[in-house]
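Engineer: Structure in structure tokens, see below.
Coordinate-derived values only; no laboratory data. Just so it is clear, the structure is predicted and the values come from calculations on it, not from any experiment. Neighbour counts run over all protein chains shown; Cβ positions are idealised from the backbone, glycine included.
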Amino acid sequence: MKDNKITGDRTKNKELDSWGRLLHRTIDRIRQSLELSVILSATVAEVRAFLNTDRVKIYQFDEDGSGEVVAESVNLDKLPSLLGQHFPAEDIPESMRELYLQERQRTIVNIASRQIGMSSSAKKETDIEFRPVDPCHAEYLIAMGTQSSLVVPILDNHHLWGLLVSHHSLPRIVTKQELEIVQLVADQTSIAIAQSNLLESTRTQAQQEASINRVGKSLHSMTEIELQQALQQTVTALQGSGGRVYIIPQNADSTAQLYVSGEQPVSIPETADRTTIPIEEHPDWQTWLENTAQTHRVIQPWAIANEINSLPPNLELAFKPSQIKSILTIQLVYRQKTLGYLSIFRQGIDVETIWAKRPDRDDPRNLFPRRSFETWRELQQNKARPWTDSEIELAQTLGSHFAIAIDRYQLYQQVHNLNLSLERRVQERTAQLQETNQKLVKEISDRLKTRASLERLSHQNELILNSAGEGIYGLDMTGKTTFVNPAAAEILGYEINELQSQPMHEIVNHSTAEGVVYSWQDNPIYQTLQTGEVNYISHEIFWRKDRSSFPVEYVSTPIKEKAGIVGAVVIFKDITERQIIDRMKDEFISVVSHELRTPLTSIRSSITLLSSDRVDPQSSKSQRLLEIALDNSNRLVRLINDILDLERIKSGKVTMVKASYNASNIMTDTVEIVHSMADKAQTDITVKPLSLQIWVDRDRIIQTLTNLLSNAIKFSPPNTTVSLEAHLQGDEVVFQVKDRGRGIPPEHLETIFDRFQQVDASDSRDRGGTGLGLAICRSIVQQHGGQIWVESTLGQGSTFYFTLPVSG
Amino acid sequence: MNMNKKILIIDDDDDIREATQICLELVGDWNISTASSGKEGLVEAIAQQPDLILLDVMMPDMDGLETFTELQANSVTRPIPVILLTAKAQPAELRQFTQLEVSDIITKPYDPFDLSDRIAKVLG
């Protein structure tokens with residue numbers, strides 16, 4: 001068809017100017033927004049204003065070839081609105097769609113002329129080729145109320161996105177220039193769509209990245225609660241109604257873990273025993289994945305079921321009770337190992353489609369052009385919403401995060417379990433160590449206590465050894481000393497170190513008391529070492545360093561250990577003093593025996609004879625024997641009394657009953673007692689009383705003075721004077737008894753106060769004494785804290801003194 | 001029977017000397033003389049040359065043992081049998097006396113008849 005209308009140059013220039021402004025304004029409006037709806041609205045408005053037609057619309061193809069009016073500018077007075085209406089794919093056949101895409105074919109239909117003008121943009125053709133329009137096409141447009149149409153394809157990245165369509169209710173000629181302008185607008189619209197798509201893609205990508213970040217943030221925190229949170233975020237990001245993560249047990253000791261969020265399928269009965277298992281453990285699950293999963297060159301294989309009824313029967317049963325209509329499952333793989341499954345579920349949605357007519361593909365009338373475009377509303381309820389590539393890609397990315405997180409989580413669990421095990425072992429070991437430590441502490445404490453006890457015992461033993469009065473030394477099996485206590489060294493006249501490791505036999509007991517040397521083998525201590533016998537030796541001598549000896553008694557005791565005798569301990573005592581005391585005792589007993597036997601001899605002889613018939617009881621001899629017996633009986637009584645008295649005073653059994661007395665009274669009272677004795681002996685007594693209070697046992701002091709005065713009278717020749725005086729000397733009273741007797745030899749001045757130590761033994765008989773008087777005096781004075789002594793000159797007399805403390 | 005036998009008693013105790021003398025004179029019918037000390041006894045022994053001496057052990061100045069030694073040292077008195085009279089009766093003391101060549105040892109207080117028997121035994 002040729003352009004049959006040529007405008008004048010003037011008009012032409014004016015139009016071109018107008019087109020230029022229109023084009024500029026249109027493009028400007030298109031570029032003002034990146035929002036597709038705004039762009040499309042602006043496009044249809046500007047194009048209709050430019051073409052001044054009744055309707056300009058933008059028709060967008062769906063994937064199935066059908067399409068929808070997505071933007072429209074319409075003069076409703078002339079034509080009805082088609083906005084939002086869907087047109088079936090058959091309305092624009094695929095062949096035509098191919099022309100639109102491949103040739104970028106533009107069409108101009110003029111119903112009045114029954115012609116259709118076609119111009120390929122791809123071939124840079126500027127001419128419009130007219131030819132008769134298909135009658136069906138013409139009928140279709142007429143039915144739509146259109147007398148004139150202009151169609152320009154809109155492409156998006158080599159894809160027929162849609163059509164820019166102008167309809168006019170009246171016949172109208174579209175010029176080539178108008179076509180080019182509309183083409184330019186369509187091209188700009190394509191660019192805007194691409195930009196908008198890019199924006200949308202960018203937005204989607206940003207949203208997905210945000211979702212990935214959120215999920216990743218939750219996942220990489222490595223705790224169970226946040227794995228749950230990541231699942232919820234994933235469900236939200238993928239606009240699901242529910243989802244779940246199933247983690248395959250990694251070994252026989254672990255169990256599967258299942259995290260769920262939102263709507264879920266029911267568990268599947270596994271066997272007849274009514275136990276149920278998660279869907280992921282059912283054999284059908286694996287079958288489904290093997291059959292449908294996309295595995296080629298993808299990290300996380302995925303499978304979708306856009307309709308539940310496409311699932312294997314057992315799985316379908318699990319989902320049927322729920323509202324879930326579609327499934328997206330990501331097989332979680334990390335390092336070539338399947339860790340589990342991430343599944344997202346979606347419920348069905350209601351899809352409402354407004355068709356330009358009711359499609360009925362079986363109606364033969366469809367072979368004919370439509371006569372009505374009355375709208376028909378199609379409502380598809382609970383329809384599965386298909387998963388988009390973008391969503392699948394997002395799900396895969398999130399799946400990767402899940403896989404990494406689960407792997408890390410499992411590693412973390414392993415480490416955690418190892419740590420727990422380690423901690424448990426550490427705790428057990430620590431407990432063992434603490435127990436061992438406590439035992440050690442107790443053992444150390446016990447050892448310290450034992451050591452302290454040993455040290456204490458050792459110290460005590462040392463103290464005992466050092467404090468012992470007896471000499472103690474230890475010997476080894478050879479007879480050499482292993483220890484010596486200080487007393488032993490002192491007794492023997494050595495330093496301790498001089499005796500250490502020395503053979504004691506050669507040093508201290510090599511000879512008998514008689515000086516006879518005997519061998520070590522004859523030593524009783526040697527016998528102890530050899531036989532283990534304890535030997536008590538009481539008549540032995542030890543030798544000092546200065547070669548003097550002393551009598552000892554000792555006991556040698558073996559030192560025994562488990563292995564047997566390892567040495568001996570010798571404890572010895574210097575018994576010199578004891579022997580002296582024993583001798584004194586023997587002497588005393590001897591003297592007492594003698595003193596008792598002597599009067600008894602006279603008594604026994606006399607009485608024995610008197611009781612016989614050998615003597616006439618009336619004879620003078622008989623009388624004399626009686627007198628002798630009586631005198632000696634009295635003597636015996638005095639003797640026994642004095643012995644007992646002396647022993648009681650000396651042993652402290654007689655308590656001095658002290659009180660305050662005037663010394664002068666005691667002195668005069670005593671003189672009264674011995675006065676008759678003095679008269680009988682023709683001796684004078686003079687007394688110079690001292691009036692002074694003294695603290696004494698009156699009777700005992702009178703006994704003392706009586707003893708001294710009677711002795712003085714006994715040993716004074718007739719017609720001499722015995723004097724008693726006292727004077728104060730310091731804090732003591734000194735009594736003195738003076739006679740003019742025969743005096744006492746100097747060698748007896750000390751011993752005369754001992755028992756039975758008269759100057760002359762016959763004195764006891766001649767003078768009626770017992771030999772104990774002065775001993776008794778000394779005991780009484782000593783019990784009063786005083787002293788007694790005698791001064792004497794042979795042939796001139798003696799003076800006995802004794803002192804008494806004034807204060808007592 | 002013992003009329004001619006002379007016995008010398010040497011004892012420092014007057015009562016013992018007197019009681020013993022009376023007893024022996026009544027029981028044994030011996031001729032008794034006495035001395036009150038060792039020195040006096042030596043003199044009497046030499047002067048009288050008795051047939052037996054009763055010698056007290058414990059006496060002042062010169063005790064019985066010294067006196068016995070002196071008696072033994074004198075050829076006149078050495079043959080005279082001596083009976084020791086002692087009030088010392090400790091075993092050790094008695095052991096010491098048995099070392100001496102005395103005819104008998106009699107501990108005080110003695111029975112006068114026992115003394116008489118033992119004197120008679122010594123005198124034979």
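Engineer: Net charge within 12 Å of A:Q60 by Cβ-Cβ distance, Lys/Arg positive one each and Asp/Glu negative one each, not counting A:Q60 itself?
Structural biologist: Taking every other residue near A:Q60 into account, the sum is -4.
Engineer: Enter the mean number of other protein chain beta carbons within 10 Å of the beta carbon of each residue in B:101-113, as an integer.
Structural biologist: Across B:101-113, the average partner-chain Cβ count within 10 Å equals 4.
Engineer: Whole Å is fine, so just give me how far the alpha carbon centre of the stretch A:682-731 lies from that of the stretch A:223-258.
Structural biologist: 132 Å
Engineer: With +1 assigned to the C-beta of every Lys and Arg and -1 to the C-beta of every Asp and Glu, and no other charges, what is the dipole magnitude of the stretch B:6-123 about the Cα centre in debye, to the nearest 20?
Structural biologist: 420 debye
Engineer: Let me ask something else. Setting aside same-chain residues fewer than 8 positions from A:K78, which aspartates and glutamates have a Cα under 19 Å from its Cα?
Structural biologist: By straight Cα distance, A:K78 reaches A:E46, A:D54, A:E139, A:E374.
Engineer: Label 7 Å along Cα→Cβ of A:T576; the stretch A:475-511 residues with amide nitrogen under 17 Å?
Structural biologist: A:487-495, A:508-509
Engineer: For the stretch A:19-152, what is the charge dipole size about the Cα centre, in debye to the nearest 20, if Lys and Arg each add +1 at the Cβ and Asp and Glu each add -1 at the Cβ?
Structural biologist: Computed charge dipole of the stretch A:19-152: roughly 740 debye.
Engineer: Please work out the C-alpha center-to-center distance from the stretch A:277-337 to the stretch B:29-99 and express it in whole Å.
Structural biologist: Comparing the Cα centres of the stretch A:277-337 and the stretch B:29-99, I get a distance of 152 Å.
Engineer: Short version: what are the Cα gyration tensor semi-axes of the stretch A:9-202, square root of 5 times each eigenvalue, largest first, in whole Å?
Structural biologist: Listed largest to smallest, the semi-axes of the stretch A:9-202 are 23, 21, 17 Å.
Engineer: Within the stretch A:403-420, find all residues whose amide N lies under 13 Å from a label point positioned 7 Å from the Cα of A:S254 along Cα-to-beta-carbon.
Structural biologist: Flagged as within label range: A:403-418.
Engineer: Please enumerate, by chain and number, the lysines with C-alpha under 22 Å from the C-alpha of B:K88, excluding those fewer than 8 residues away in the same chain.
Structural biologist: Answer for B:K88, where 22 Å is the Cα cut-off: A:K585, B:K39, B:K108, listed by chain and number.
Engineer: Follow-up. Summarise the long-distance tail of P(r) for chain B by giving the % of C-alpha pairs beyond 19 Å.
Structural biologist: Of the Cα pairs, 40 percent sit more than 19 Å apart.
Engineer: Dipole of the protein assembly as shown (Lys/Arg Cβ +1, Asp/Glu Cβ -1, origin at the Cα centre): which of A:G145, A:M477, B:P50 lies farthest to the positive side?
Structural biologist: Checking the options against the dipole of the protein assembly as shown, the answer is A:G145.
Engineer: Report, largest value first, the span of the C-alpha coordinates of the stretch A:425-553 along each principal axis, in whole Å.
Structural biologist: Sorted from largest, the Cα extents of the stretch A:425-553 read 83, 30, 23 Å.
Engineer: Over chain B, what relative contact order in percent results from Cα pairs under 8 Å that are six or more residues apart?
Structural biologist: Relative contact order, chain B: 23 percent.
Engineer: Additional query: Please state the charge dipole magnitude for the protein assembly as shown, taken about the Cα centre, from unit charges on C-beta atoms (+1 on K and R, -1 on D and E), reported in debye and rounded to the nearest 20.
Structural biologist: With Lys and Arg at +1 and Asp and Glu at -1, about 4940 debye.
Engineer: If the protein assembly as shown were replaced by its equivalent ellipsoid, with semi-axes equal to the square roots of 5 times the Cα gyration tensor eigenvalues, what would those be, largest first, whole Å?
Structural biologist: They are 172, 34, 25 Å, listed largest first.
Engineer: Specify which residue in the list A:A468, A:G240, A:H416 is farthest towards the positive end of the charge dipole of chain A, using unit charges on the beta carbon of Lys, Arg (+1) and Asp, Glu (-1), about the Cα centre.
Structural biologist: So the residue furthest toward the plus end is A:G240.
Engineer: Sorted by packing (mean other beta-carbon atoms within 10 Å per residue), highest first, where do B:8-21, A:198-211 land?
Structural biologist: B:8-21, A:198-211
Engineer: For A:K217, list the aspartates and glutamates whose Cα falls under 13 Å from its own Cα; do not include residues on the same chain fewer than 8 positions away.
Structural biologist: A:E209, A:E226
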